[in-house]
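Worksheet: one structure, shown below.
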Amino acid sequence: MSFAITGKTAVVTGAANGVGLAIARHFVDHGANVMFADMDEERLEIEVGNTEEDAGTARYFAGDLREKLTVANLLSATLDAFDRVDILVNASRQMAVSDPLDPDDDSVVALLNQNLMTSLRMTQTFAKRMIRQAEGEDEGPTGSIINLSSIAARRTQPDLLAYSVSSAALDQATRSMAVALAPHRIRVNAIAFGSVMSASLRGAIKEQSGLRREIIDGTPLSRIASAGEIAEAAQFLAADGSGFMTGQILTIDGGRTLIDVVDHSAH
């Protein structure tokens, strides 16, 4: 069973920072040709410039992927650079605190557009290309698409209404697209993760003195994940070794979704 991605071409969105950046760098380190995509061109230029290319090759594309034309331009730029695309990682995502009782709060619409619709349009556009480049081939994998989701899809925090709804919708879109694309030998899976030690979480921990302890106490493995652990899971889903796996939501949360916060048996 091989989990090598050497020579494959991957597009990773949200690749200017956080988990998206970790995945993009990890893929390059393991021999893939990677298009780093994000809105932050300045950050992309810095990060791609700092990425070792001894194994794979790194390029970047800057643009607002909520726009259909930008998605099409990203595909064109990827084909110009690498001639094909084998892997898509939809890692561009947004979290926002919202007021569930405020009828003027538009965060649900905003996060559905960012976390669901952008990933769906990317999947549809890039899947069409994967299908075309596999024409005439009767067997073997055509492509792998990976969505980044969250355990918020299964948990209920009212002030994370928008994020939870968009994550749950993305999980269902993952399953639906997996079935739709299965006849074309394209696999679609998602990674739902809990707390990951990113720059934003570090900032929140500095501002909220008890947050780190609260996260650790609510996680059976008693620690916070690294972005690299999510990147390794993404490689697993991208590689041919997971070739019979599709429509799955792979949970990486240290066991957080397994426990009941009310610590009293039988009640």
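Of note:
- For q = 0.15, 0.27, 0.32 Å⁻¹, Debye-computed log10 I/I(0) when each Cα of the range 50-93 counts as one equal scatterer: -0.44, -1.18, -1.27
- Here the relative contact order of the chain, from alpha carbon pairs under 8 Å that lie six or more residues apart, stands at 20 percent.
- More than 33 angstrom apart: percent of Cα pairs within the range 9-257: 16
- Set of aspartates and glutamates near Lys8 by C-alpha distance (under 13 Å), chain-local residues within fewer than 8 positions excluded: Asp29, Asp83, Asp86, Asp240
- Rounded to the nearest 20, the size of the Cβ-charge dipole of the chain about its Cα centre is 480 debye, with Lys and Arg at +1 and Asp and Glu at -1.
- Per residue, the convex hull spanned by the Cα atoms of the range 111-152 measures out at 65 cubic angstrom.
- Debye, to nearest 20: dipole size of the range 49-200, +1 on Lys, Arg Cβ, -1 on Asp, Glu Cβ: 400
- Comparing Tyr60, Gly18, Thr257 along the charge dipole axis of the range 9-257, the residue lying farthest to the positive side is Thr257, per the Cβ-charge model.
- Taking amide H atoms as placed 1.01 Å from N in the peptide plane, the amide H of Ser150 lies under 5 Å from those of Phe193, each 5 or more residues away in sequence or on another chain.
- Computed packing ranks the peptides 234-243, 177-186 as 234-243, 177-186, most packed first, by mean other Cβ atoms within 10 Å.
- Scanning the chain for DSSP H helices at least 27 Å long along the axis (C-alpha atoms) with a Kyte-Doolittle mean no lower than -1.0 picks out 161-181.
Any read-out appearing in this document is the output of simple, stated calculations on the displayed coordinates, not a laboratory observation. A quick note: this is a predicted structure, and the numbers were derived from the prediction, not measured. No Cβ is skipped: glycine too gets one built from the backbone with ideal geometry, and neighbour counts run over all protein chains shown.
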